[in-house]
Amino acid sequence: MTFFMHRLAEALGSEAPDELPMPSMRPSVPEAFIVGSDRHVALRALAEQLVCEANAVIADPVSHLVLFDEVGGDELAFTITCNSHVARVATHFEGGHATGQIVSEDLPHEQPYELSGPEALPDLIVRLCLIAGLRNSESAHRI
(Lines give C-alpha, C1' and ligand atoms only; values in the text may rest on other atoms or scores of the structure.)
Protein backbone atom coordinates (compact mmCIF):
# COMPACT_ATOMS: atom_id res chain seq x y z
CA MET A 1 0.00 0.00 0.00
CA THR A 2 1.11 3.55 -0.66
CA PHE A 3 1.56 6.15 2.08
CA PHE A 4 -1.72 7.78 0.99
CA MET A 5 -3.59 4.46 1.16
CA HIS A 6 -2.28 3.84 4.69
CA ARG A 7 -3.27 7.35 5.71
CA LEU A 8 -6.80 7.01 4.34
CA ALA A 9 -7.26 3.51 5.80
CA GLU A 10 -6.24 4.85 9.21
CA ALA A 11 -8.61 7.81 8.92
CA LEU A 12 -11.53 5.61 7.82
CA GLY A 13 -10.81 3.08 10.54
CA SER A 14 -11.01 5.59 13.38
CA GLU A 15 -14.24 6.31 15.27
CA ALA A 16 -14.32 10.04 14.69
CA PRO A 17 -11.45 12.20 13.51
CA ASP A 18 -10.04 14.71 15.98
CA GLU A 19 -9.67 17.18 13.18
CA LEU A 20 -10.53 17.22 9.49
CA PRO A 21 -7.55 17.78 7.20
CA MET A 22 -7.66 21.08 5.32
CA PRO A 23 -6.04 21.15 1.89
CA SER A 24 -3.48 23.89 1.47
CA MET A 25 -5.05 26.68 -0.58
CA ARG A 26 -4.14 30.14 -1.75
CA PRO A 27 -6.21 33.00 -3.17
CA SER A 28 -6.83 32.57 -6.91
CA VAL A 29 -4.63 34.82 -9.02
CA PRO A 30 -4.10 34.94 -12.79
CA GLU A 31 -0.86 33.41 -14.05
CA ALA A 32 0.63 32.73 -17.46
CA PHE A 33 -1.55 30.56 -19.68
CA ILE A 34 1.06 27.81 -20.04
CA VAL A 35 1.79 27.72 -16.30
CA GLY A 36 -1.90 27.39 -15.47
CA SER A 37 -2.55 24.69 -18.05
CA ASP A 38 0.50 22.66 -16.99
CA ARG A 39 -0.52 22.98 -13.36
CA HIS A 40 -4.07 21.83 -14.09
CA VAL A 41 -2.91 18.78 -16.06
CA ALA A 42 -0.53 17.78 -13.25
CA LEU A 43 -3.29 18.15 -10.64
CA ARG A 44 -5.71 16.13 -12.76
CA ALA A 45 -3.23 13.28 -13.29
CA LEU A 46 -2.46 13.03 -9.58
CA ALA A 47 -6.17 13.24 -8.73
CA GLU A 48 -6.82 10.17 -10.88
CA GLN A 49 -4.09 8.21 -9.13
CA LEU A 50 -5.29 9.20 -5.65
CA VAL A 51 -8.95 8.46 -6.45
CA CYS A 52 -7.96 4.96 -7.62
CA GLU A 53 -5.92 4.41 -4.46
CA ALA A 54 -8.76 5.71 -2.27
CA ASN A 55 -11.27 3.42 -3.94
CA ALA A 56 -9.02 0.45 -3.21
CA VAL A 57 -9.22 1.34 0.49
CA ILE A 58 -12.92 2.28 0.77
CA ALA A 59 -14.79 -0.85 1.86
CA ASP A 60 -18.25 0.05 0.54
CA PRO A 61 -18.29 0.15 -3.30
CA VAL A 62 -21.39 2.37 -3.22
CA SER A 63 -19.26 5.05 -1.55
CA HIS A 64 -16.38 4.94 -4.01
CA LEU A 65 -15.10 8.27 -5.21
CA VAL A 66 -15.98 9.40 -8.71
CA LEU A 67 -13.74 11.61 -10.84
CA PHE A 68 -15.03 13.23 -13.99
CA ASP A 69 -13.75 15.85 -16.39
CA GLU A 70 -15.37 18.89 -17.93
CA VAL A 71 -13.79 20.26 -21.08
CA GLY A 72 -15.15 23.08 -23.13
CA GLY A 73 -15.51 26.78 -23.43
CA ASP A 74 -12.77 28.69 -21.70
CA GLU A 75 -11.87 26.29 -18.90
CA LEU A 76 -10.65 22.87 -17.91
CA ALA A 77 -12.17 21.29 -14.83
CA PHE A 78 -12.42 18.04 -12.94
CA THR A 79 -14.74 17.10 -10.13
CA ILE A 80 -14.26 14.60 -7.35
CA THR A 81 -17.40 13.35 -5.62
CA CYS A 82 -17.83 11.29 -2.49
CA ASN A 83 -21.49 10.51 -1.93
CA SER A 84 -23.14 13.96 -1.95
CA HIS A 85 -19.91 15.86 -1.26
CA VAL A 86 -18.24 17.50 -4.23
CA ALA A 87 -15.00 19.36 -4.96
CA ARG A 88 -14.55 20.99 -8.36
CA VAL A 89 -11.06 22.05 -9.46
CA ALA A 90 -11.08 24.38 -12.46
CA THR A 91 -8.70 26.49 -14.49
CA HIS A 92 -10.29 29.38 -16.37
CA PHE A 93 -8.48 30.84 -19.39
CA GLU A 94 -8.94 34.44 -20.46
CA GLY A 95 -6.76 37.09 -22.07
CA GLY A 96 -3.62 34.96 -22.13
CA HIS A 97 -3.92 34.14 -18.44
CA ALA A 98 -5.10 31.14 -16.44
CA THR A 99 -6.81 31.34 -13.06
CA GLY A 100 -7.30 28.27 -10.90
CA GLN A 101 -10.19 27.79 -8.50
CA ILE A 102 -11.52 25.13 -6.19
CA VAL A 103 -15.21 25.12 -5.32
CA SER A 104 -16.72 22.95 -2.60
CA GLU A 105 -19.40 23.51 0.00
CA ASP A 106 -17.02 21.73 2.39
CA LEU A 107 -14.26 24.35 2.04
CA PRO A 108 -14.10 28.07 2.79
CA HIS A 109 -15.54 30.02 -0.10
CA GLU A 110 -15.69 33.66 0.91
CA GLN A 111 -13.22 34.48 -1.86
CA PRO A 112 -11.92 32.49 -4.86
CA TYR A 113 -9.28 29.95 -3.80
CA GLU A 114 -7.17 27.41 -5.62
CA LEU A 115 -5.21 24.44 -4.36
CA SER A 116 -1.67 25.48 -3.51
CA GLY A 117 -0.31 22.51 -5.45
CA PRO A 118 -0.41 18.74 -5.86
CA GLU A 119 0.49 18.23 -2.20
CA ALA A 120 -3.00 19.54 -1.29
CA LEU A 121 -4.90 16.76 -3.10
CA PRO A 122 -4.45 14.00 -0.48
CA ASP A 123 -5.88 16.29 2.22
CA LEU A 124 -8.78 17.21 -0.05
CA ILE A 125 -9.66 13.57 -0.71
CA VAL A 126 -9.35 12.48 2.92
CA ARG A 127 -11.50 15.47 3.92
CA LEU A 128 -14.20 14.58 1.38
CA CYS A 129 -14.29 10.98 2.61
CA LEU A 130 -14.54 11.94 6.28
CA ILE A 131 -17.14 14.67 5.74
CA ALA A 132 -19.19 12.17 3.72
CA GLY A 133 -19.18 9.94 6.80
CA LEU A 134 -17.20 7.07 5.31
CA ARG A 135 -15.87 4.58 7.84
CA ASN A 136 -14.34 1.13 7.40
CA SER A 137 -14.46 -1.61 9.97
CA GLU A 138 -11.07 -2.59 11.38
CA SER A 139 -10.85 -5.70 9.21
CA ALA A 140 -12.19 -4.06 6.04
CA HIS A 141 -9.33 -1.61 5.56
CA ARG A 142 -6.56 -4.19 5.56
CA ILE A 143 -5.31 -4.90 2.07
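Over the chain, what is the relative contact order in whole percent, taking alpha-carbon pairs under 8 Å and six or more residues apart? Walk me through the numbers on the way to the answer.
Numbers: 247 pairs, mean separation 51.0, N = 143.
Once divided by the residue count of the chain, the mean separation gives 36 percent.
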Calculate the spin-label point distance for ALA59 paired with VAL71, positioning each point 7 Å from the Cα along the beta-carbon direction, and give it in nanometres. 3.8 nm
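Counting heavy atoms of the protein chains only and a 1.4 Å probe, report the per residue accessible area for the chain as a whole number of Å².
Details: 7400 Å² over 143 residues.
Spelled out: the 1.4 Å probe surface of the chain, per residue, equals 52 Å².
Please report the orientation-averaged projected area of the chain, defined via the convex hull of its C-alpha atoms, in nm². Could the numbers behind the result be given before it?
Working: hull surface 33.9 nm².
Taking a quarter of the hull surface, the average projection is 8.5 nm².
Grab the alpha carbons of the stretch 52-115, take their convex hull, and tell me the volume per residue in Å³. Mind showing how you got there, number by number?
Values: hull volume 6.8 nm³, N = 64.
Looking at the stretch 52-115, the number lands at 106 Å³ per residue.
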Quick one: pull the percent of accessible area on the chain belonging to carbon and sulfur, 1.4 Å probe, ligands and nucleic acids left out. 57 percent
Computed from every Cα-Cα pair in the stretch 17-71, P(r) in 10 Å bins starting at 0 and rounded to whole percents is 17, 36, 34, 12, 1
Under a 1.4 Å probe, counting only protein heavy atoms, GLU110 has an accessible area in Å², nearest 10, of 140 Å²
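The values are calculated or read from the model by the stated rules, or taken from the named source; none is laboratory data. Owing to the predicted nature of the structure, the values given are computational and were not obtained by experimental measurement. FYI the Cβ positions are ideal-geometry reconstructions off the backbone, even for glycines, and counts take in every protein chain you see. Ligands, DNA and RNA are excluded from the accessible area calculation, which covers all protein heavy atoms including side chains. Shrake-Rupley method; radii C 1.70, N 1.55, O 1.52, S 1.80 Å.
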